[in-house]
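The values are calculated or read from the model by the stated rules, or taken from the named source; none is laboratory data. Since we're looking at a predicted model, the values are computed, not measured. Heads up, the Cβs are rebuilt from the backbone with ideal geometry, glycines too, and the neighbour counts pull from every protein chain shown. Protein only, heavy atoms only, side chains kept; ligands, DNA and RNA dropped before computing areas. Shrake-Rupley method; radii C 1.70, N 1.55, O 1.52, S 1.80 Å.
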Amino acid sequence: MAHLAMADPEIASLIDHERIRLEETLNLIAAENHMPAAVLETLGSVLNTKTIEGYPGKRFHAGCVHVDEVETLAIARGRGLFGAEHVNVQPHSGTSANLAVYFAVLEVGDRILSMKLAHGGHLSHGHPASITGRCFDFRHYSVDPETELIDYAQVQRLAGEFQPRMIVAGASSYPRCIDYARMAKIARSISAYLLVDMAHLAGLVAAGVIPSPVPHSDFVTFTGYKTLMGPRGGVILCRAPFARKIDRTIFPGCQGTSAVNLIAAKALIFKLAGEKAFIDTQAQTVINATHLAVALAGRGYRIVTGGTDNHLVLVDVGARHLEGGEVEKLLETVGIIANRNVIPGDESKPGAVSGVRFGTAAVTTRGMGTAEMDMIADLIDRTLAGAHDASCLAGIKGEVQALCKRFPVYAY
Ligand code: DSN
């Protein structure tokens, strides 16, 4: 950062403060991870200079000889890693990727069936505040109120009644594996397309530690920076017959030039994802999440769905007469970073946010295991119990920092 420090000391200082914050806090945001230093190097490389439009071999600007190879490599590696027939690595984000899938095969106003946001879905799955909800006619399926698991019988019933042209499976706060084969069967029964948004799960799927949606789906979208440990930006996988429509909907349909440095970093993480260290980290991420769920349940917390199959644990703090936003703020004061989240029961209580979502990807990437998950559960519990005791919270903050120091994110 020597050049930046000279050019803009204020920004350089803010970046350094953020680096220190990451080192000294426990990152339990389920949508984040610590990426390898090689990914950061790639993002900051000269590839950022190049303007590209189109696809390898068919560009609208000269000078693409090397970046064509970068994108070709990213596509080939993505195909190999996920067993996909076609890959588009240009989406700027997960939402851009989802939009492109909708617009590739649907007309404005067409019907789509997706998971309700309050039950774990995502804004880009047709929330009224999202452009997706303004362009298409969405209806939403729910989880069973007792088990809090996807109610597949309801999905089948709604599919029959609503006759959507597409079904979306995938979520941002659903801690259980989705039965993709069942979703595909439902979609086939009404001749609808199946899109799976595996943004949260891409790293776990790449490592083979949870089932892949790819064999069951027409389209799969994901982002690079969550469990996958790579750069920001999205990716679309699809069956071969949709390749041209997807590519043309991304460019020139809804994006202009795409970010070559992001594409190169996607290629890099697709390579690293085949290595043992990555696979071991993903397996440990799931083990750690299961352990954290058990450790919190053992301290009296109600875990939504009773546990987890993936990297995230959704805790019903409302059951302890706490509010998700207050818990988020309180935990941040001691250096435990997580986020408030609506949970299924919140729908009947307007404005209520009774959940807190914990993800184990980032703490696992920095080397923590089950012993540390016990410590984290204990730190969370003592923080909530000591909410009004400043000296207790100061002590916990010191313990969080000591734990973080044992597991540096980056060794400089
Ligand atoms: N989808 C949002 C989340 O899960 O937090 C951001 O990636």
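What to note about this one:
- All helices (runs of 4 or more DSSP H) inside region 130-201 with 2 or more residues being touching a helix residue (DSSP H, G or I) at 6+ places or on another chain (Cβ under 6 Å) and farther than 26 Å from Phe82 by Cα: 152-162
- Any hit, region 304-327, residues being under 29 Å from Leu117 (Cβ atoms), touching a helix residue (DSSP H, G or I) at 6+ places or on another chain (Cβ under 6 Å), within 16 Å of the ligand (Cβ to nearest atom) and open to solvent by 60 Å² or more (accessible area, probe 1.4 Å): no
- Condition met for Ile75 (under 17 Å from Phe251 (Cα atoms) and assigned to a helix (DSSP H, G or I)): yes
- Counting the residues of region 78-94 that are part of a helix (DSSP H, G or I) and not charged (D, E, K, R) gives 5.
- Whichever residue in region 242-263 is aliphatic (A, V, I, L, M) and in a helix (DSSP H, G or I) and, among such residues, is nearest to Val46 (Cα to Cα): Val260
- Check on Asp389, surrounded by 15 or more Cβ atoms within 10 Å (Cβ to Cβ) and out of contact with any strand residue (DSSP E or B) (no Cβ under 7 Å at 6 or more places or on another chain): no
- Neighbours by Cβ (under 6 Å, 6+ apart or cross-chain): first from region 329-348, within 16 Å of the ligand (Cβ to nearest atom) and open to solvent by 50 Å² or more (accessible area, probe 1.4 Å); second modelled with pLDDT of 95 or more and assigned to a helix (DSSP H, G or I): Arg340/Gly324; Arg340/Gly325; Arg340/Glu328
- Leading residue by the ranking (most open to solvent (accessible area, probe 1.4 Å)) among those in region 167-201 that are within 24 Å of Ile343 (Cβ to Cβ) and more than 16 Å from the ligand (Cβ to nearest atom): Arg182
- Selection from region 23-49 of residues that are away from the ligand (no atom under 16 Å from the Cβ) and crowded, with 17+ Cβ neighbours inside 10 Å: Glu23, Thr25, Leu26, Pro36, Val39, Thr42, Leu43, Leu47
- The criterion of at least 3 residues that are modelled with pLDDT of 95 or more and more than 24 Å from Ala202 (Cβ to Cβ) is met, among helices (runs of 4 or more DSSP H) falling completely within region 306-410, by 324-333, 370-385, 390-406.
- Test: residue in region 252-265 that is under 22 Å from Ser124 (Cβ atoms) and within 16 Å of the ligand (Cβ to nearest atom): yes
- When region 219-237 is filtered for residues that are open to solvent by 10 Å² or more (accessible area, probe 1.4 Å) and either at pLDDT below 95 or more than 12 Å from the ligand (Cβ to nearest atom) (or both), only Met229 remains.
- Close Cβ contacts (under 6 Å, 6 or more residues apart or on different chains) running from residues in region 118-130 that are more than 17 Å from Ile343 (Cα to Cα) and near the ligand (Cβ under 10 Å from one of its atoms) to residues that are open to solvent by 20 Å² or more (accessible area, probe 1.4 Å) and not in a loop (DSSP other than H, G, I, E, B) comprise Ser124/Thr95.
- Members of region 55-67 found to be out of contact with any Asp or Glu (no Cβ under 9 Å at 6 or more places or on another chain) and surrounded by fewer than 17 Cβ atoms within 10 Å (Cβ to Cβ), listed by number: Lys58, Ala62, Gly63, Val65, His66
- Selection count, region 264-287, where residues are in a loop (DSSP other than H, G, I, E, B) and either modelled with pLDDT under 95 or closer than 19 Å to Val67 by Cβ (or both): 0
- When region 95-117 is limited to residues that are among the aliphatic types (A, V, I, L, M) and in a loop (DSSP other than H, G, I, E, B), the one that is nearest to the ligand (Cβ to nearest atom) turns out to be Leu106.
- Residue match in region 202-209 (condition: within 13 Å of the ligand (Cβ to nearest atom) and under 13 Å from the mean Cα position of the chain (by Cα)): yes
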